[in-house]
Amino acid sequence: METKFTVPEISCGHCKETIESTVGNIESVVSVAVDIEQKSVAVKSTSDLNLSLVSEMLDEQGYTVVQSS
């Protein structure tokens, strides 16, 4: 499964690394791809991604998850 969302605060490689390592710690996550220019995140997982959990985890790091439709 693939889940996509945007994170308006993404501005550099450090943001990319932080988001990838944070979301990558979720058990069902297979891969995390962050696009700095588009401020988007694509997550591949083996089951439905709990976006509330992702949002909470990234909020602790200072990032806001904006769900795309």
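The values are calculated or read from the model by the stated rules, or taken from the named source; none is laboratory data. In this text, all values refer to a predicted model and were calculated from it rather than measured experimentally. Don't worry about glycine lacking a Cβ; one is built from the backbone with ideal geometry, like all the others, and counts go over all protein chains shown.
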### Query
Does region 43-51 contain any residue that is part of a helix (DSSP H, G or I) and at pLDDT below 95?
yes
### Query
So which residues in region 10-19 are out of contact with any Leu (no Cβ under 8 Å at 6 or more places or on another chain) and crowded, with 17+ Cβ neighbours inside 10 Å, if there are any at all?
ILE10, CYS15, LYS16, THR18
### Query
Is there any pair linking a residue in region 9-32 that is at pLDDT 95 or above to one that is among the charged types (D, E, K, R), with Cβ under 6 Å and at least six apart or on different chains, and which?
ILE10/LYS39; VAL30/LYS44; SER31/LYS44; VAL32/GLU20
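Of everything in region 8-27, what is of a type in the set (A, V, I, L, M) and either in contact with a strand residue (DSSP E or B) (Cβ under 6 Å, 6 or more places away or on another chain) or within 11 Å of GLN61 (Cα to Cα) (or both)? Give them in sequence order. Give the derivation first.
Residues of region 8-27 of a type in the set (A, V, I, L, M): 10, 19, 23, 26.
Within region 8-27, ILE19, VAL23 qualify.
Right, THR3: touching a Leu at 6+ places or on another chain (Cβ under 8 Å), surrounded by 12 or more Cβ atoms within 10 Å (Cβ to Cβ) and in contact (Cβ under 8 Å) with a residue 12 or more places away in the chain or not? Show your work before the answer.
On the way: touching a Leu at 6+ places or on another chain (Cβ under 8 Å): yes; surrounded by 12 or more Cβ atoms within 10 Å (Cβ to Cβ): yes; in contact (Cβ under 8 Å) with a residue 12 or more places away in the chain: yes.
The answer is yes for THR3.
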### Query
How many residues does region 54-69 contain that are in a helix (DSSP H, G or I) and either over 9 Å from the mean Cα position of the chain (by Cα) or exposed (fewer than 13 other Cβ atoms within 10 Å of the Cβ) (or both)?
4
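For region 33-53: of the residues being touching a residue at least 40 places away in the same chain (Cβ under 8 Å) and surrounded by 12 or more Cβ atoms within 10 Å (Cβ to Cβ), which is farthest from THR6 (Cα to Cα)? It would help to see each step written out before you state the result.
So the first thing to find is which residues in region 33-53 are touching a residue at least 40 places away in the same chain (Cβ under 8 Å), and the list is 42-49, 51.
When the remaining residues are screened for being surrounded by 12 or more Cβ atoms within 10 Å (Cβ to Cβ), the result is 42-45, 49, 51.
Working: ALA42: 9, VAL43: 11, LYS44: 15, SER45: 17, LEU49: 15, LEU51: 12 Å.
Ranking the candidates gives SER45 first.
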